[in-house]
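The values are calculated or read from the model by the stated rules, or taken from the named source; none is laboratory data. None of these values were measured; they are calculated from a predicted model. No Cβ is skipped: glycine too gets one built from the backbone with ideal geometry, and neighbour counts run over all protein chains shown. Just so you know, the surface numbers come from the protein's heavy atoms only, side chains and all, with ligands and any DNA or RNA stripped out. Shrake-Rupley method; radii C 1.70, N 1.55, O 1.52, S 1.80 Å.
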Amino acid sequence: MASKQFNQSRSNLSTNSDAAEAGRPPVPPTVTFARRTSSGRYVSYSRDDLDSELGSVDFMNYTVHMPPTPDNQPMDPSISQKVEEQYVSNSLFTGGFNSATRAHLMDKVIESEASHPQMVGSKRSSCSIPGCDAKVMSDERGQDILPCECDFKICRDCYVDAIKTGGGICPGCKEPYRNTDLSDLAADSGRPPLPLPLPAGMSKMERRLSLMKSTKSALMRSQTGDFDHNRWLFETSGTYGYGNAFWPKDGNFGSGKDGDGDFVEPQDLMSKPWRPLTRKLKIPAAVISPYRLLIFIRIVVLALFLAWRIKHKNNDAIWLWGMSVVCELWFAFSWLLDQLPKLCPVNRATDLNVLKDKFETPTPSNPTGKSDLPGVDVFVSTADPEKEPPLVTANTILSILAAEYPVEKLSCYVSDDGGALLTFEAMAEAASFANMWVPFCRKHSIEPRNPDSYFSLKRDPYKNKVKPDFVKDRRRVKREYDEFKVRINSLPDSIRRRSDAYHAREEIKAMKMQRQNQDDEPVEPVKIPKATWMADGTHWPGTWLHPSADHSRSDHAGIIQVMLKPPSDEPLHGTSEGFLDLTEVDIRLPLLVYVSREKRPGYDHNKKAGAMNALVRASAIMSNGPFILNLDCDHYIYNSQALREGMCFMMDRGGDRLCYVQFPQRFEGIDPSDRYANHNTVFFDVNMRALDGLMGPVYVGTGCLFRRIALYGFDPPRSKEHHPGFCSCCCPRRKKRTHVPEENRALRMGDSDDEEMNLSLIPKKFGNSTFLIDSIPVAEFQGRPLADHPAVKNGRPPGALTIPRELLDASTVAEAIAVISCWYEDKTEWGTRIGWIYGSVTEDVVTGYRMHNRGWKSVYCVTKRDAFRGTAPINLTDRLHQVLRWATGSVEIFFSRNNAFLASPRMKILQRIAYLNVGIYPFTSIFLIVYCFLPALSLFSGQFIVQTLNVTFLTYLLIISITLCLLALLEIKWSGISLEEWWRNEQFWLIGGTSAHLAAVLQGLLKVIAGIEISFTLTSKSAGDDNDDEFADLYIVKWTSLMIPPIVIMMVNLIAIAVGFSRTIYSVIPQWSRLLGGVFFSFWVLAHLYPFAKGLMGRRGRTPTIVYVWSGLVAITISLLWVAINPPAGSNQIGGSFTFP
């Protein structure tokens, strides 16, 4: 019984937490239900009261077992469980440190009506009891649940009163309630029954975790000594209970001895030829072999060239020679770090047809053909509705809800780290619009499923559409979407006006009360905190528009709202009523949850990484999908099959060793010329494909499908069988076990020969939530590949995930509130070895590095149709600040324990080099800036980096340049990028290297040496003010100090060219070779900085004058200073003996 499980299975988190050990008041283990109705009636319940009320009912104390027959099928869950889930989905849960967990019943979340039955605040009938205006209970279709045969409409509160105080008499017909289940309703709706009853006498967690209660007999051990789940399942009378496909016959649920039970044997495993879900497509030998040969040739030539440069000094300008040689040595080292990991690029392909055959086709173990795919929890993170517009976030949510994945297996969690009511109501509006948008997408196979992108397509929207009502449906949905946009854009004003109106009403009430109490005494002005009010007329528990105590961005309670409750297990087809004919369309929507973690002063909330870890814990308790997809709020699902594409890798043979599947980032709204290399195609299509041939690509922060237990810090299965270390054959490891430092020792799942995980240490690592800890083995089992072939190790039996998920109850959501509290991570390993890693502004790279360091692998999934698309800043200043953030994170990584020099032996040597390059590349900016000034110094001084431009130097220079061009052409060949994209990347490499990378090195050193923290602002996702020009932001010039170094480099080189020409022309013996050398390299620098110079021009003269004034002054000062320090030969005055013509 759901109501009793609240006390029986509630976590002891509150009483046994570390917070309590530290002397803090424990969180009261109660959930308070409260609702204020429009008539003024205020209803308040404690959970314990509800338990005692429902627990006293006779019909909940017995169970009748009848064998299934054609006339008698198992019924739906009891009415109490249904009502419990309905209450949970209609309640706003709040709580946190030193506060009770409260469930505020929401009759209304948005101004407009909510029509979908899964949505919170959906429209329902009112209770018929006089004086009560509460809503009656409803089922999945939104139809009323009427417990009496007379169809008397009654709400849940009045129903409990009738049972408790009215003797179980119906207030309508005055007859006793006869039936308390939903059998009649299920029969009327035509829903198929649930597959099989759950084992009797088992609690919620016992059903889910009967796996963990088995004995460790010899029968349950494989030859390696590992716990053999498959053998235990098929050769004993044990049962997994929750999620089990092969149920024992005759109702034997593990009560007898081994071998007593009669089980269904998996005879269908070998009935079909085994087919892989993915294929590795190797690069043709005609391309990759010359590519590798050229890398080797260039390494040899660089070595010879540097040796020649060191031996042949320029005695006339030894300082110029010395600076150039040092820079060239670093450039060669940096190029080597970047090039070596590119030796083994691969391409991959998936087969979605095989995925469907294996997981969604009827088989003897899955007769109904229900989806056997594992669950996926999608995380969307947002923090500031001012910089991340709610309309963008809403469109991302809509694309997730419409994804082609089993509805009952998909859950969406939105993290609002700002706790803004604007984001909350925008989510509610998106959930309401999804009622029309998602069925429309399913009916007509719409792509993309982001409504804003779909209705903005420039191609013919009617191409390949065959249904005759498509035009009518599209026109209707387009009109609804336009209205939806208007409602979203008007939310800020609507919330402000509503809050002002309620505040004025409260002030009037307070003044009246004050006058009544003080009679004729002078009345002082009443000061009431200006609160932000929700649509149902109550205070918003998050951040207020006018911040106050307990209601600011860094000080508010934790909030969880189930916007769309979990869907029913069976398809729910729509009707032909209304504007869309949905009779053949499944209208169910995935679970949608709003989460805003608790924030309090004095706690380090760790920015985005902390928010993601809060989502990991909350989702583990509420849905526990074994896989997690994280998306930024501006990255939407462009390919509705993207989740299935990623699942092909996870469910394939060997997929249990994959920690994540990274998808490439693709961007919209970039100018056609891609002036600042915003598409970043060289990184996503060259570097990432190359890393895929090693241990896998790095994690880039969004568009990544994670394995949950990999985020938990566990080792991959069979980790002892894999030794990818360097020189393992020449220097084999000793048999003697060495002590591994605690910092480098990963958690284990118990499959290690050397060590088994100490279960007593789990609370110290994960926190004291028993719900969370108990969910770990369930997620591990459900995330295994299908055991449909003898070569598949660590698999699960087919059909194991076809059992419906459990209903949400208040204890589950209350526990989720507890694990997102600000104190939960105290004295745990969250952020240090578990979840997203703290301590760096680029937490994504560090998190991926930790997984690879434990021996996990990752893969790169490039789909024919882009999986995800997002936005990128096209403004020069925004782009530089974005690059500054990335580079600063890399510097932090270099000076931290995440430096690749300290990687474990499990990481391959080339993968280690790749991660080493991630931490080192910003330091190239120091040498790059010096090298960009060398041509100008050469022209000013009349010297060059070599004594003379002899044949040897020119030959080396020619060979190095030719090999570089050939390597670029071959990279273009095997990666599919264009030559223009490669050149744009080279240009921005120099622009970023002379500006943002140098600032990142300085800031990183300040943080490491002086402990000065760096603060970064969010990258703005909002569009420019010019609505007539799609690329208006491209031409906006916003001053930043990052622009000074590139501007100075440009102006100094231009002045140096003029000085060099003048000096050569008027000299007695012109040194044309030195002039040409200096001018060539100056033009090389200026050609790379051309996009930067073009960006400074802006449009219509918008460039700030201060940019030119300061840059000109600095350049002229440097030029004059140099001529004064080193005047031409035969002159002892400033300026030398030459003059401009």
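Quickly run through segment 931-941 and pick out the residues that are open to solvent by 20 Å² or more (accessible area, probe 1.4 Å) and either farther than 23 Å from Trp330 by Cβ or at pLDDT 90 or above (or both). Of everything in segment 931-941, those that are open to solvent by 20 Å² or more (accessible area, probe 1.4 Å) and either farther than 23 Å from Trp330 by Cβ or at pLDDT 90 or above (or both) turn out to be Tyr931, Phe933. Considering segment 790-820, the residues that are of a type in the set (S, T, N, Q) and open to solvent by less than 10 Å² (accessible area, probe 1.4 Å) include one that is modelled with the lowest pLDDT, namely Ser811. Based on what the data block shows, is Ile893 modelled with pLDDT of 90 or more, buried (at least 21 other Cβ atoms within 10 Å of the Cβ) and out of contact with any strand residue (DSSP E or B) (no Cβ under 7 Å at 6 or more places or on another chain)? Against the criterion (modelled with pLDDT of 90 or more, buried (at least 21 other Cβ atoms within 10 Å of the Cβ) and out of contact with any strand residue (DSSP E or B) (no Cβ under 7 Å at 6 or more places or on another chain)), Ile893 qualifies.
Whether any residue in segment 713-722 is crowded, with 23+ Cβ neighbours inside 10 Å and touching a Pro at 6+ places or on another chain (Cβ under 9 Å) is what I want to check. No; the residues of segment 713-722 include none that is crowded, with 23+ Cβ neighbours inside 10 Å and touching a Pro at 6+ places or on another chain (Cβ under 9 Å). Can you find a residue that is open to solvent by 70 Å² or more (accessible area, probe 1.4 Å) and within 40 Å of the chain's Cα centre (by Cα) anywhere in segment 297-311? Looking for residues that are open to solvent by 70 Å² or more (accessible area, probe 1.4 Å) and within 40 Å of the chain's Cα centre (by Cα), one finds none in segment 297-311, hence no.
Among what's in segment 739-789 and is closer than 30 Å to Trp823 by Cβ, open to solvent by 50 Å² or more (accessible area, probe 1.4 Å) and in contact with a Ser or Thr (Cβ under 8 Å, 6 or more places away or on another chain), pick the residue that is modelled with the highest pLDDT. Among them, the one singled out is Lys764. I'm trying to understand the selection: among the residues of segment 548-562, which are of a type in the set (Ser, Thr, Tyr) and open to solvent by 30 Å² or more (accessible area, probe 1.4 Å)? Across segment 548-562, the qualifying residues are Ser548, Ser554. Within segment 823-837, the set of residues being closer than 15 Å to Leu615 by Cβ and either open to solvent by 20 Å² or more (accessible area, probe 1.4 Å) or polar (S, T, N, Q) (or both) comprises just one member, Glu825. Going by the conditions given, is Val595 part of a strand (DSSP E or B), touching a residue at least 60 places away in the same chain (Cβ under 8 Å), of a type in the set (Val, Ile, Thr) and closer than 24 Å to Gly701 by Cβ? Answer is yes for this residue. For the residues Ser568, Ser623, the requirement of being under 26 Å from the mean Cα position of the chain (by Cα) and closer than 22 Å to Ile397 by Cα singles out Ser623. Look through segment 367-399, keep the residues that are in a loop (DSSP other than H, G, I, E, B) and among the acidic types (Asp, Glu), and return whichever of them is nearest to His635 (Cα to Cα). Per the stated criteria, the residue is Glu388. Looking at segment 492-528, which of its residues are outside any helix (DSSP H, G or I) and either exposed (fewer than 14 other Cβ atoms within 10 Å of the Cβ) or at pLDDT 90 or above (or both)? Answer for segment 492-528, where residues must be outside any helix (DSSP H, G or I) and either exposed (fewer than 14 other Cβ atoms within 10 Å of the Cβ) or at pLDDT 90 or above (or both): Asp519, Asp520, Glu521, Pro522, Val523, Glu524, Pro525, Lys527, Ile528. Scanning segment 361-379 for residues that are of a type in the set (D, E, K, R) and under 27 Å from the mean Cα position of the chain (by Cα) yields Asp372, Asp377.
Residues in segment 532-543 that are buried (at least 18 other Cβ atoms within 10 Å of the Cβ) and free of Cβ contacts under 8 Å to residues at least 40 places away in the same chain: Trp533 only. Taking first residues from segment 648-659 that are within 15 Å of Leu694 (Cα to Cα) and partners that are in a loop (DSSP other than H, G, I, E, B) and open to solvent by less than 10 Å² (accessible area, probe 1.4 Å), the Cβ contacts under 6 Å between residues at least 6 apart in sequence or on separate chains come to Arg657/Pro716; Cys659/Trp856. Out of all the residues in segment 461-478, is one or more under 27 Å from the mean Cα position of the chain (by Cα), closer than 30 Å to Asn395 by Cβ and assigned to a helix (DSSP H, G or I)? No, segment 461-478 contains no residue that is under 27 Å from the mean Cα position of the chain (by Cα), closer than 30 Å to Asn395 by Cβ and assigned to a helix (DSSP H, G or I).
With respect to being outside any loop (DSSP other than H, G, I, E, B) and either modelled with pLDDT of 80 or more or within 40 Å of the chain's Cα centre (by Cα) (or both), Gly1077 falls outside the description. Against the condition modelled with pLDDT of 70 or more and surrounded by 19 or more Cβ atoms within 10 Å (Cβ to Cβ), how does Pro147 come out, does it pass? Criteria met by Pro147. Checking Trp319, Trp330 one by one, the residue that is open to solvent by 50 Å² or more (accessible area, probe 1.4 Å) and either touching a residue at least 24 places away in the same chain (Cβ under 8 Å) or touching a helix residue (DSSP H, G or I) at 6+ places or on another chain (Cβ under 6 Å) (or both) is Trp330 and no other.
Among the criteria (1) in contact (Cβ under 8 Å) with a residue 24 or more places away in the chain; (2) more than 28 Å from the chain's Cα centre (by Cα); (3) crowded, with 17+ Cβ neighbours inside 10 Å, the one Leu966 does not fulfil is (3). Considering segment 911-930, and only residues there that are open to solvent by 40 Å² or more (accessible area, probe 1.4 Å) and of a type outside the set (Lys, Arg), the residue that is nearest to Arg854 (Cα to Cα) turns out to be Tyr921. Of note, Asp469 satisfies the criterion of being surrounded by fewer than 23 Cβ atoms within 10 Å (Cβ to Cβ), in contact (Cβ under 8 Å) with a residue 40 or more places away in the chain and more than 28 Å from Lys387 (Cα to Cα). Trp886 meets the stated requirement of being closer than 30 Å to Ile1009 by Cβ and either modelled with pLDDT under 90 or of a type in the set (Phe, Trp, Tyr) (or both). Within segment 408-428, the residues that satisfy the criterion of being open to solvent by 10 Å² or more (accessible area, probe 1.4 Å) and under 22 Å from Ile446 (Cβ atoms) are Glu408, Lys409. Restricted to segment 429-468, and to residues there that are touching a Leu at 6+ places or on another chain (Cβ under 8 Å) and charged (D, E, K, R), the residue that is nearest to Tyr594 (Cα to Cα) is Glu429.
If you go through segment 534-548 and keep only what is over 15 Å from Asp384 (Cβ atoms) and not in a loop (DSSP other than H, G, I, E, B), you end up with His539, Ser548.
Among residues of segment 156-168 that are under 13 Å from Ala134 (Cα atoms), those with a beta-carbon under 9 Å from a residue that is polar (S, T, N, Q) and open to solvent by less than 60 Å² (accessible area, probe 1.4 Å) at least six positions away or on a different chain give the pairs Arg156/Gln86; Cys158/Ser128. Here is the figure for segment 671-693: residues that are open to solvent by 10 Å² or more (accessible area, probe 1.4 Å), over 24 Å from Tyr291 (Cα atoms) and touching a Leu at 6+ places or on another chain (Cβ under 9 Å) total 1.
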